[in-house]
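Trainee: What follows is a single structure, and I will ask about it in a moment.
The values are calculated or read from the model by the stated rules, or taken from the named source; none is laboratory data. These figures come from a predicted structure and were not determined experimentally. FYI the Cβ positions are ideal-geometry reconstructions off the backbone, even for glycines, and counts take in every protein chain you see.
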Amino acid sequence: MSACWLKRSIQTFHNFSLRQKLSLAFFVMTLAPLLFATSLAERQAEEILRHSIFEQNKELAMDIAHDLDGLLQNKIRLLKIMALNPDVRSTEPIRLTPVLERVARQYPEFQVVVATDASGRQIARSDGVVADGAINYHDRDYFRQAMQTGTTVISDVLTSKSTGMPGLVIAEPIRGDSGTIVGLLIFNLELDNLRWYAAHVQLGDHAYVYAINQNGRVIFHTDPTDMDSPADLSDREPGRQAAAGFTGWLEYAHGGQRFLTGYSHIPSVSWGLVVEQPLHFAMAEVANFRRLNLLVLLTAAVLAILLSLAIARYIAAAIVNLSAAANRLAAGDLQTRLQMNRTDELGQLAANFNRMATQLARRDEALQQAKAELEQQVTERTRELTAANLELQRLSLLDGLTCIGNRRYLDEFLEREWRRAMRDRTPLAVLMLDIDYFKLYNDTYGHLAGDECLKRVAGVLRDSIQRTTDFVSRYGGEEFVVVLPATNEHGALTVAEKLRRGVADLAIPHGLSPLGGIVTVSIGVAVAVPTPETDAATLLTAADRALYQAKAAGRNQVGSTGELLT
């Protein structure tokens, strides 16, 4: 049926007069580009706005997560300083209580600080309330963990025994003169305090912030209608990604709505921090832009119709004469001439037409010459574009700071080598390197020095690799990955030790590093003979696990999975 309709439409168009055809053509030629340009501008505006909102929400999530993590870290540092005070270490309430109250006055953001003895009994408070010996913290997981490990512990969300309010607890061991743990300092941080850090930033229309723990439970929410909801959001992708330690943005659908979200991670408590905005509120500006475009299009359509009719009427008569003369010239009558008393472009066209017959041979020759020149120009331009594209492709695979392979290049290279090793049944080794105490280095010497440190470490890695088949890349932040095709565990460990020594030999000063006062690296080694049942991600995971072992063993050393993955 559609074919018949199209055939009838074409036949109807053929039956139009020249004036009608010109009117229709002018109308289409006027309106079609406008429609296309408007549609393209609308789409580009939507994409630009969408990307801008993504980036804004991601940056907000990172800033809030950084503020919350900094809050926790500052409190931990202050508790550690307090734990070294001789009056605190005595665990004598008469000496301990004034210290706690003085800290509470100096730092009003501390809701309450409590001291316990080794049995968990409350012995002092910072809020002026007399310590209640009947309150015992021995049943709290954070108490047992701090007493057993001797390290700072941050609890899950719970109801404070000291204040009765929901929040976090930071527990810091108190050591006596002999070094044994004689009690704990316990700091209560209410959830309202955390929620303030998320609520004070400027968000988009109807945007909100929430934090979830690793089990997907809501910790706090800035939406007043959902402020204290204990809802389980483990089915939402942004929260899962953030709680898993990732930072980024995505668009997803839930409950019949689509959302634009940015997310980040709070390392101190392994929470996910999400900034979320419903799509229809975020894209309100595009809807306004669309309505304005529709009004412009309707106005343009009316003007195009009127203008097309006027132009068609004026041009049609002259074109009919030109058509008849062209037919005679096509039949071989080179003496054909036009008599047209006009001074506009059609008059000029008639004059040019009269000269056409005597210039056909000359124009044909000129056309051939122009064709040859054009082909040469196209060839040269193609060669230049090819060279430029190759250079752009090369730059897209390099890390902009260190000038070694980037994460994208690593993924492509590792996947290619994985398939090659599986085909040849040869081992494939991966080294994962991490600069020890790099955050301390950045905090001490500044980000410019940190960037220079990354470049120097990358230079050692690049210069130490001898084989052209080996590959060095930046994995992210202060982490690097080296891929060694056709290399067994012994060879991989040898290369890893060479890289570790090479970085140490740079002797880059690092005053806060306990490893000799210089920049060092920890390296994880994993080797696999690929099989169809495994993939390259398995090898990267194994190398990351070996890196963790090296860091746990004291850093500035090489760790290995100690097995051949198959």
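Trainee: Please find, within region 50-84, the residue that is modelled with the lowest pLDDT out of those that are of a type in the set (D, E, K, R) and over 25 Å from the mean Cα position of the chain (by Cα).
Mentor: Among those residues, the one meeting the criterion is LYS75.
Trainee: Okay, next question. Give region 518-557 a look and list any residue that's touching a helix residue (DSSP H, G or I) at 6+ places or on another chain (Cβ under 8 Å) and in a loop (DSSP other than H, G, I, E, B), or say none.
Mentor: VAL519, THR520, VAL529, PRO530, THR531, PRO532, ASP535, ASN556, GLN557 - these are the residues of region 518-557 that are touching a helix residue (DSSP H, G or I) at 6+ places or on another chain (Cβ under 8 Å) and in a loop (DSSP other than H, G, I, E, B).
Trainee: Something else now. Residue check, GLN73 against (1) within 30 Å of GLY239 (Cα to Cα); (2) assigned by TED's automatic domain parsing to the domain that holds GLY167; (3) not hydrophobic (A, V, I, L, M, F, W, C), all met but one. Which one?
Mentor: The failed condition is (2).
Trainee: Sticking with this structure for a sec: Go through (1) among the acidic types (Asp, Glu); (2) under 22 Å from THR426 (Cβ atoms); (3) surrounded by 16 or more Cβ atoms within 10 Å (Cβ to Cβ); (4) under 32 Å from the mean Cα position of the chain (by Cα) for GLU489 and report which single condition fails.
Mentor: (4)
Trainee: So, in region 149-182, exactly how many residues are of a type outside the set (Ser, Thr, Tyr) and either on the phi > 0 side of the Ramachandran plot or under 37 Å from the mean Cα position of the chain (by Cα) (or both)?
Mentor: The total comes to 16.
Trainee: Also: All but one of (1) under 23 Å from PHE471 (Cβ atoms); (2) surrounded by fewer than 17 Cβ atoms within 10 Å (Cβ to Cβ) hold for GLY516; state the number of the condition that does not hold.
Mentor: (1)
Trainee: In region 274-331, which residue that is aromatic (Phe, Trp, Tyr) and closer than 27 Å to HIS51 by Cα is modelled with the lowest pLDDT?
Mentor: PHE289
Trainee: If I filter region 485-518 down to residues being in contact with a Leu (Cβ under 7 Å, 6 or more places away or on another chain) and hydrophobic (A, V, I, L, M, F, W, C), which single residue comes out as farthest from ILE435 (Cα to Cα)?
Mentor: Here the residue is ALA492.
Trainee: Let me ask something additional. Would you point out which residue out of ALA146, ALA211 is under 40 Å from the mean Cα position of the chain (by Cα) and outside the structural domain of SER270 (by TED's automatic domain parsing)?
Mentor: On the way: ALA211 fails: outside the structural domain of SER270 (by TED's automatic domain parsing).
Among ALA146, ALA211, only ALA146 is under 40 Å from the mean Cα position of the chain (by Cα) and outside the structural domain of SER270 (by TED's automatic domain parsing).
Trainee: Out of ASP470, ASP434, ASP451, report the one residue that is of a type outside the set (Val, Ile, Thr) and over 26 Å from the mean Cα position of the chain (by Cα).
Mentor: ASP470 is the lone residue from the list that is of a type outside the set (Val, Ile, Thr) and over 26 Å from the mean Cα position of the chain (by Cα).
Trainee: Same structure again: From the list THR538, THR531, which residue is within 31 Å of the chain's Cα centre (by Cα) and surrounded by fewer than 23 Cβ atoms within 10 Å (Cβ to Cβ)?
Mentor: None of the others qualify; the one that does is THR538.
Trainee: Now for a separate question. Any residue at all in region 389-400 that's over 30 Å from PRO530 (Cβ atoms) and modelled with pLDDT of 75 or more?
Mentor: yes
Trainee: Which residue out of ARG462, ARG501, ARG474 is in a strand (DSSP E or B) and of a type in the set (D, E, K, R)?
Mentor: ARG474
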